[in-house]
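The values are calculated or read from the model by the stated rules, or taken from the named source; none is laboratory data. As the structure is a prediction and not an experimental result, all values here were calculated from the model. Glycine also receives a Cβ, built like all others from the backbone with ideal geometry; neighbour counts cover every protein chain displayed. Each accessible area value is taken on the protein alone, full model and side chains, heavy atoms only, with ligands, DNA and RNA left out. Shrake-Rupley method; radii C 1.70, N 1.55, O 1.52, S 1.80 Å.
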Amino acid sequence: GFTAEEGDWGRRWWNVKRPGPYIASTRSGQLPEEDHEVLTANQAADESLMLGLRRSEGLDVARFQRRFGADPMDWEDPSLDSALRDGLLQLKGNHLSASKDGVIIVDYLISRLAASLDSRVCWDTLGRC
């Protein structure tokens with residue numbers, strides 16, 4: 001398996017919800033960010049899967065592998081295999097994406113792939129997997 005190193009995996013933020021403070025913030029030249037969280041490697045990988053498979057161009061498998069050290073096409077996961085075989089997921093070049101039929105269950109496919117990833121990768125930076 002792969003052990004993720006501590007590092008900058010990115011951050012997730014959310015904006016101020018109420019229109020008045022949002023507008024006031026932008027007018028003053030400030031970002032309307034209410035709060036944020038620093039992502040762990042696991043969260044960043046799951047987010048990459050989620051966002052990649054929801055985009056029309058799909059998940060760039062090679063980029064994912066470089067960033068997280070895990071190639072989704074090598075997971076030999078029954079869910080991935082059956083989704084590809086049944087035409088719910090498709091691999092075009094280096095991009096894995098939901099097909100027209102797969103879009104309706106893409107959230108299910110993402111959760112299965114994320115669970116498969118978590119079972120194959122040790123995200124604990126202390127190596128306690």
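Looking at segment 4-52, which trypsin sites (Lys or Arg not before Pro) are in a loop (DSSP not H, G, I, E or B) and have at most 12 other Cβ atoms within 10 Å? Sparse-neighbourhood loop trypsin sites (Lys or Arg not before Pro): Lys17. With r as the distance between the Cβ atoms of Ala24 and Asp107 and R0 = 41 Å, compute the FRET efficiency 1/(1 + (r/R0)^6) and round to 0.05. Efficiency computed from Cβ-Cβ geometry: 0.70.
Counting only protein heavy atoms and a probe of 1.4 Å, the accessible surface of the chain is 50% carbon and sulfur. Electrostatic tally near Asp60: other residues with Cβ closer than 12 Å to its Cβ, Lys and Arg +1, Asp and Glu -1, net +3. Between Gln30, Gln65, Gln90, the Gaussian network model of the chain with springs among Cα atoms under 10 angstrom shows the greatest mean-square fluctuation at Gln30.
With contacts taken as Cα pairs under 8 Å at a separation of at least 6 residues, the chain carries a relative contact order of 30 percent. The mean accessible area for residues of segment 47-93, using a 1.4 Å probe and ignoring ligands and nucleic acids, is 57 Å² per residue.
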